[in-house]
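Trainee: Okay, handing you the structure first.
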Amino acid sequence: MRHKIIISVLGLFISLAITAQTTNPLSLQEAIKLSIANSHYIKIDSANIRTAMATVQESKDKKLPDASVSASYLRLFGANVAMANAQPGKEAPSPSQAVYGIANLSMPIYAGGRIRYGIESTKLLQQAVQLSAENNKEKIAYNTTQAYVNLYKAARAVAVIQENLQVSIARDTQFSRLEQNGVMARNDLLKAQLQTSNIELSLLDAQSNLELANTNMDLLLGLPGSTQLQIDTAFIAYNLPLLSFEEYESLALKQRTDLQSLSIQQKASAFNIKSAIAAQYPSLAVSGGYIAGKIPNLITVTNAMNIGLGIKYNLSNLWKKNTALEKAKASQNILLANEGLLVDDIKLQVNKDYQNQLLANKKIEVYLKAEQQAQENYRITKNKYDNGLATITELLDANVMLLQTRLNISGARADAVLAYYKLLATAGTLYQTTIK
């Protein structure tokens, strides 16, 4: 059983060594770039931006003249023609076909400002869509950072448990010789071997968690699910400059693109209100055209050009309520309320994330102190055990505490980095910070 464990551990180390030789470490910056490049959300955002650009062009096209051309050929059957100045006794012609063509051109001159307001509104909405896309990049950057940190924690857990497993296996080998020489009771040997088995089970769980974290990262990066990633651990040693809470709050209120998007949507809603008011005014357009037609044996029309001025006014505006105006005002009020809610949420989230950052840093200090205490406790317990003053159970318990403190330190350092990047994400600067 012990030989199988040793062989499996050595095999795992060999596979990790091969992977390290064939896989370049993946930095956090590279991971964020890959996840954004392969994100389905970003592709949807790109399509939404193109749609908004098309809407802007559509509103601009309303300033241009409308032109149309039509032509028809008609076959007539039994047509009766009565001519006002027909000569008495002369038979009226009976045409069997007719051909005509019409060309029209209409140019808007005045529409109460609806066209201009529509253009301004669509331009602002396009900016809002682009800002929403930037906000999604912030979310993707944080989700990638979170997955990156989880992968690091899973890999560190495997490494720490593997190291402890090696120590435990070596201890079991020593205890086995002592038991064979009658120096150690078999019950104590079994306790030590049981702890080794428990560590081996913990390693299996840690390896499973590492595989799941790796697969999750592959999906975020758009890589095949079987791709084995190697984390660049340099991000843990990154110098994280922490500003004051007030600075982060001010930064968030200025940099958050979702808040900027709401502000721009409010400006667009103001133009929508003006457009709804302008709909009550008459519209004026100049038009021109050309008509040509022919009915054989009866009439031929050529060069029938025309030009005119048209005015249109919907009389129902006099008694119908302007519901479009009411909807536009209601939409603006909703945007104002949403902006207030978002501002409150940003302030609360910045405060929460800032406190979490401070807490994470304090936890590292506590865990480092706990590791020193666990190391000293294990050393003292080991000396006592070697001198017959402590039981095997006390020695194994001391070893478990030492292992747990090492795992806690790895997790606390990763959590502190993640808490910092979460604070940057809430402030709206994570994407800029990690990509630059």
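Trainee: Return the residue satisfying two criteria in turn: it lies in the range 203-245 and is of a type in the set (G, A, S) and touching a Ser or Thr at 6+ places or on another chain (Cβ under 8 Å), and of such residues it is nearest to D353 (Cα to Cα).
Mentor: Out of the qualifying residues, it is A234.
Trainee: Exactly one condition in (1) outside any strand (DSSP E or B); (2) at pLDDT below 85 is false for N303; which is it?
Mentor: (1)
Trainee: Say we look at the range 320-335 and pick out the residues that are at pLDDT 90 or above and among the charged types (D, E, K, R); which of these is farthest from the chain's Cα centre (by Cα)?
Mentor: Per the criteria, the residue is E326.
Trainee: List every residue pair whose Cβ atoms sit under 6 Å apart, with the two residues 6 or more apart in sequence or on different chains, where the first one lies in the range 367-383 and is aromatic (F, W, Y) and the second, anywhere, is part of a helix (DSSP H, G or I).
Mentor: Y367/N408; Y367/I409; Y367/A412; Y378/A398; Y378/L402
Trainee: Next question. Please indicate, with yes or no, whether at least one residue in the range 282-292 is assigned to a loop (DSSP other than H, G, I, E, B) and surrounded by 19 or more Cβ atoms within 10 Å (Cβ to Cβ).
Mentor: No, the conditions are met nowhere in the range 282-292.
Trainee: Return yes when L407 is at pLDDT below 95, assigned by TED's automatic domain parsing to the domain that holds L28, part of a helix (DSSP H, G or I) and closer than 30 Å to A268 by Cα and no when it is not.
Mentor: The answer is no for L407.
Trainee: Going by the conditions given, is T173 crowded, with 20+ Cβ neighbours inside 10 Å and part of a helix (DSSP H, G or I)?
Mentor: no
Trainee: Taking A192, is it touching a helix residue (DSSP H, G or I) at 6+ places or on another chain (Cβ under 6 Å), within 30 Å of L262 (Cα to Cα), touching a residue at least 12 places away in the same chain (Cβ under 8 Å) and outside the structural domain of G308 (by TED's automatic domain parsing)?
Mentor: no
Trainee: How many of the residues in the range 216-247 are surrounded by fewer than 15 Cβ atoms within 10 Å (Cβ to Cβ), not charged (D, E, K, R) and not in a loop (DSSP other than H, G, I, E, B)?
Mentor: Adding up the residues that qualify gives 4.
Trainee: While we're looking at this one, here's another question. Within the range 369-397, take every residue that is hydrophobic (A, V, I, L, M, F, W, C) and at pLDDT below 90 and give me the one that is surrounded by the fewest Cβ atoms within 10 Å (Cβ to Cβ).
Mentor: L389
Trainee: Of all residues in the range 180-190, how many are buried (at least 17 other Cβ atoms within 10 Å of the Cβ) and assigned to a helix (DSSP H, G or I)?
Mentor: The number of residues fulfilling the criteria is 2.
Trainee: Kindly check whether there is at least one residue in the range 333-340 that is in a helix (DSSP H, G or I), closer than 25 Å to E246 by Cβ and either of a type in the set (G, A, S) or in contact with a strand residue (DSSP E or B) (Cβ under 8 Å, 6 or more places away or on another chain) (or both).
Mentor: Yes: the range 333-340 contains one or more residues that are in a helix (DSSP H, G or I), closer than 25 Å to E246 by Cβ and either of a type in the set (G, A, S) or in contact with a strand residue (DSSP E or B) (Cβ under 8 Å, 6 or more places away or on another chain) (or both).
Trainee: Only one of V286, V343, V350 is of a type outside the set (G, A, S), touching a residue at least 60 places away in the same chain (Cβ under 8 Å) and touching an Asp or Glu at 6+ places or on another chain (Cβ under 6 Å). Can you tell me which?
Mentor: Selected residue: V350, the only one of V286, V343, V350 that is of a type outside the set (G, A, S), touching a residue at least 60 places away in the same chain (Cβ under 8 Å) and touching an Asp or Glu at 6+ places or on another chain (Cβ under 6 Å).
Trainee: Now, a different point. Examine the range 199-210 for a residue that is closer than 30 Å to I42 by Cβ, assigned to a helix (DSSP H, G or I), assigned by TED's automatic domain parsing to the domain that holds Y385 and at pLDDT 90 or above, and state whether such a residue exists.
Mentor: yes
Trainee: Enumerate the pairs (first residue in the range 108-135 and over 22 Å from Q255 (Cβ atoms); second residue anywhere and part of a helix (DSSP H, G or I) and charged (D, E, K, R)) with beta-carbon separation below 7 Å, excluding pairs fewer than 6 apart on the same chain, so at least 6 apart or on different chains.
Mentor: So the pair list comes out as G113/K274; Y117/K274; I119/K60.
Trainee: Would a scan of the range 302-310 turn up a residue that is more than 30 Å from L424 (Cα to Cα), small (G, A, S), in the same structural domain as L259 (by TED's automatic domain parsing) and over 24 Å from the mean Cα position of the chain (by Cα)?
Mentor: For the range 302-310, residues more than 30 Å from L424 (Cα to Cα), small (G, A, S), in the same structural domain as L259 (by TED's automatic domain parsing) and over 24 Å from the mean Cα position of the chain (by Cα): absent.
Trainee: Please go through the range 42-73 and pick out each residue that is assigned to a helix (DSSP H, G or I) and surrounded by 13 or more Cβ atoms within 10 Å (Cβ to Cβ).
Mentor: I42, D45, N48, I49, A52, M53, T55, V56, S59, K60, listed by residue number.
The values are calculated or read from the model by the stated rules, or taken from the named source; none is laboratory data. Only a predicted model underlies this, so the values are computations on that prediction, with no experimental measurement involved. Here Cβ is always computed from backbone atoms with ideal geometry, including for glycine, and neighbour counts include all displayed protein chains.
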